[in-house]
Every structure is written in C-alpha cells, then in structure tokens.
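Scroll down for the structure; my scribbles are underneath it.
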Amino acid sequence: MDVSGKTAFVTGAGRGIGKGCALELARHGADLVINDRPGSPDLQNTVDEVRALGRKCESVEGDVFKREGCEQVVATVLDTVDDVDIFISNPAYGRRTPFLELDPQEFERILQATLTAGFHMSQLVARHMVERGSGKIVFISSVQAERPYAFCCAYGAAKAGLNLLMQTIAAELSPYRINVNAIEPGWIDTPGEHKTFTEQEITEKGKQLPWGRLGQPVEIGRAATFLSSSDADYISGSILAVDGLFRYKDCIDRF
C-alpha cells in the first residue's frame with residue numbers, strides 16, 4: 001500500500017476516523033493537507049503527529065457543511081499544494097433522536113452535513129483531478145446505509161444516498177481513470193461514541209460484537225490507504241465494509 005510521492009487531502013481529520021485515515025496515509029508515504037471545522041482544538045495535534053512520521057502536513061480550517069465553505073477550503077488547499085492525488089471525503093453530522101421527535105431542521109442539517117457536503121467537496125476536488133488526469137476519491141460511508149437503526153433515520157438516509165452518489169460519480173469519472181469508492185465503518189471507537197455512551201457501555205457492548213470489540217480509526221485508515229494506492233487501480237464504484245461483521249451480528253447470535 002505504497003502512496004509515496006502522493007498528496008492526500010482529508011476532511012474531518014482532527015480526530016476519529018478522519019485522523020485515522022490521515023495518519024495511515026502518512027505512514028505509507030503520503031504528504032497531507034487536512035481539514036477540520038473552524039476553531040477545531042484537535043487539528044494541530046493531527047498535523048504534529050503526521051509531521052512526526054516524517055511527512056509534510058498543512059491544515060485548512062473551514063466549514064464544509066456549506067457550499068461556500070467547501071469552495072473556500074478547496075481553493076485554499078489548491079493554493080497550498082500543486083496537486084491533490086487522494087481525497088478522503090469524511091464530512092458527517094448525526095444526532096440519535098426518535099423519528100417522531102426529530103426536528104425537521106435537524107433532519108435537514110444532518111442530510112446537508114453528511115450527504116450534500118459530500119457532493120460539494122467531491123465535485124470541487126474531482127474537477128481538479130479531471131484537469132490533471134488522475135486521482136483517487138474515497139467516501140466514508142457507514143453500515144447504517146444498508147440496514148436501519150432506531151433513532152438514526154436521517155443519518156442512515158444520508159449515508160444510503162452517499163453510497164449511490166459515490167457509484168454514480170465513479171461511473172461518470174471512469175473515462176478519466178479516477179477511482180471512486182466508499183468505506184462502510186461499523187461501530188468505531190471514536191471520541192463521538194464516548195460522548196454518547198459510557199466507558200462501561202462501550203466495553204460491555206463491544207464484547208457482544210462478533211469481533212469482541214469496537215473497531216479502531218486506524219483500521220478504517222488502512223482500508224482508505226489501500227483504496228488510495230496503486231494496488232486498487234482496478235477497483236472503482238465499490239463499497240468496502242470494515243465492520244468486524246457488525247452488520248451480521250443478529251445472524252451470528254442465532255447460532
């Protein structure tokens with residue numbers, strides 16, 4: 001999974017899955033430009049960790065939940081580096097709320113931040129990749145795109161839409177040999193999960209999963225690095241689940 005000499009752009013890289021992707025790309029030779037929301041307390045930590053691995057890393061703050069923010073971020077990235085070879089699209093926002101209680105504005109915000117933002121960012125970066133004649137785009141989706149989970153109707157709908165968006169983009173960009181794929185993480189041990197669940201809940205529920213634990217951001221990063229490398233040159237329009245069989249937990253429990 002050699003990505004030496006490549007420049008990768010990762011959104012939401014201050015912590016969690018985005019950070020895991022940035023660090024794994026750096027470990028395999030890529031230089032980085034990373035993004036997180038304005039005022040992110042975590043972004044500089046990721047920059048420092050990437051640089052400690054001997055790779056170049058620049059940060060670009062910006063709100064990618066809106067088109068104008070996406071345009072500003074991508075313009076700044078392209079002013080900072082000559083080319084973007086790899087793009088990891090990782091914008092997302094979700095709130096666990098019962099369907100009957102979900103505020104309509106919150107529903108639209110989740111779709112905007114998780115689905116529409118993915119469209120805006122990938123379109124802007126893809127235009128650059130078409131001009132240069134190559135590139136790799138990886139969307140971070142979710143197993144919630146494939147099966148329903150209570151209290152997550154908006155997030156699941158957004159991720160399901162993201163999967164089909166990715167496949168359509170892959171088809172349209174195939175003449176330019178731009179690979180476009182998605183990763184579906186399962187239950188991953190990120191800071192956001194620790195805000196929702198207690199440490200005891202995470203430990204106990206993790207033991208009930210098929211792999212006996214939650215996934216780690218680094219494991220999503222390894223999958224993203226593979227799909228970004230030349231080893232995956234003949235893979236496009238694919239959805240790679242990295243979930244430790246989380247999707248099949250109910251089936252396994254029956255045996």
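The values are calculated or read from the model by the stated rules, or taken from the named source; none is laboratory data. These numbers were taken from a predicted model, which means no experiment stands behind them. Don't worry about glycine lacking a Cβ; one is built from the backbone with ideal geometry, like all the others, and counts go over all protein chains shown.
Observations on the structure shown:
- Candidates in segment 219-255 are the residues that are of a type in the set (A, V, I, L, M) and loosely packed, with under 15 Cβ neighbours inside 10 Å; of these, the one that is modelled with the highest pLDDT is LEU245.
- Yes/no for LEU32 being of a type outside the set (Gly, Ala, Ser) and in contact with a Lys or Arg (Cβ under 7 Å, 6 or more places away or on another chain): yes
- Where a residue in segment 64-75 is over 16 Å from ALA92 (Cβ atoms) and without any contact (Cβ under 8 Å) to a residue 60 or more places away in the chain and its partner, wherever it lies, is buried (at least 16 other Cβ atoms within 10 Å of the Cβ) and not acidic (Asp, Glu), with Cβ under 6 Å and at least six apart: ARG67/HIS120; GLN72/GLY62; VAL74/LEU124
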